[in-house]
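What follows draws every value from the coordinates through simple rules; no lab data is involved. Just so it is clear, the model here is predicted, and its values are computed rather than measured. Reconstructed Cβ throughout: ideal geometry from the backbone, glycine too, with neighbour counts over all protein chains shown.
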Amino acid sequence: MPGLLFHQLTVVTCPHAGPLTVTVPGQVRVRVSGQTVATADVVSAFTVCPLLIAPCTTVVWANFSTRVKASGKPVVLYEAALGPGNGMTNGVPPAPPTVMAIQSRVRGL
């Protein structure tokens, strides 16, 4: 499914408003809007999830490009129509992350 390329400074929160930080984008050569594009092996973590019982700590992305690659790896895509199809957090209950801001110029397939 086509979608916008996810980059290192895309603003994402967990369902409880905890901010996500992309710690390792997966590669460092390909950039969009001056920021590193995230690939399938991206490592990201929620810095502070206010949920006390089982807070969100990571997100598992599920929407990857089948045609666009960066350093030989599929790039992470975001498509608003997919909702949970983009990925899920590991909090209880699991829920899709909320993308608050993303670059809007480059799309992938």
message = For Rg/Rh (Cα atoms, Kirkwood Rh), pick the label among (i) 1.07; (ii) 0.96; (iii) 0.98 that corresponds to the value derived from the coordinates.
response = (ii)
key: Isolated Cys residues of the chain, judged by Cβ distance under 4.7 Å to other cysteines   = none
key: Contour minus Cα-Cα distance for Gln35 and Ala101 (0.36 nm per residue)   = 22.4 nm
